[in-house]
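Engineer: So that we are looking at the same thing, I have put the structure below in structure tokens.
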Amino acid sequence: MTPYEYAIIQAMPRVERGELINVGVLLYCQRRDFLSARTHLDESRLLALDPSADVAAIRAALDAWDRTCGGSGAAEGMRQGERFRWLVAPRSTILRAGPVHMGLTADPEAELKRLVELLVR
């Protein structure tokens, strides 16, 4: 078994209200050289929190998290651990990462899929 770190990706369409929904999971496993995000945006839940939420902009921001995991854009040249820490750093934006948690797994990809099913869908 290999240790890993993960955080739930949360959308907060109206920061001033503090309401949020889980929209994905970010998982980092240093020993397996693995960093990935899996997302699922439930538009009806999002729009229940804020009927004027810009769904397209939130989807674009989620895509940017995927690109950051892969080392694209501003994350180019960063190591995986640096990208993970950058993504989980506290922020006051529509998308944010929740607290970082730890676990053990033999298969980071399968664990990421399991966590998304359990915590997001």
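The values are calculated or read from the model by the stated rules, or taken from the named source; none is laboratory data. Just so it is clear, the structure is predicted and the values come from calculations on it, not from any experiment. Positions of Cβ are backbone-derived with ideal geometry, glycine not excepted, and every protein chain shown enters the neighbour counts.
Engineer: Would you mention how many residues in the range 22-39 are surrounded by fewer than 17 Cβ atoms within 10 Å (Cβ to Cβ) and either among the charged types (D, E, K, R) or over 24 Å from Arg85 (Cβ atoms) (or both)?
Structural biologist: Here the count works out to 3.
Engineer: Could you list, in sequence order, the residues of the range 42-62 that are within 17 Å of Val116 (Cα to Cα) and surrounded by fewer than 12 Cβ atoms within 10 Å (Cβ to Cβ)?
Structural biologist: Result: Glu43, single match.
Engineer: Anything in the range 86-121 that is at pLDDT 95 or above and surrounded by fewer than 11 Cβ atoms within 10 Å (Cβ to Cβ)? List them, or say none.
Structural biologist: The answer is Pro99, Met102, Leu104, Ala106, Ala110, Leu118.
Engineer: Just checking, does the range 77-85 include any residue being farther than 17 Å from Val23 by Cα, of a type in the set (Asp, Glu), surrounded by fewer than 17 Cβ atoms within 10 Å (Cβ to Cβ) and in contact with a Leu (Cβ under 9 Å, 6 or more places away or on another chain)?
Structural biologist: The answer is no; no qualifying residue exists.
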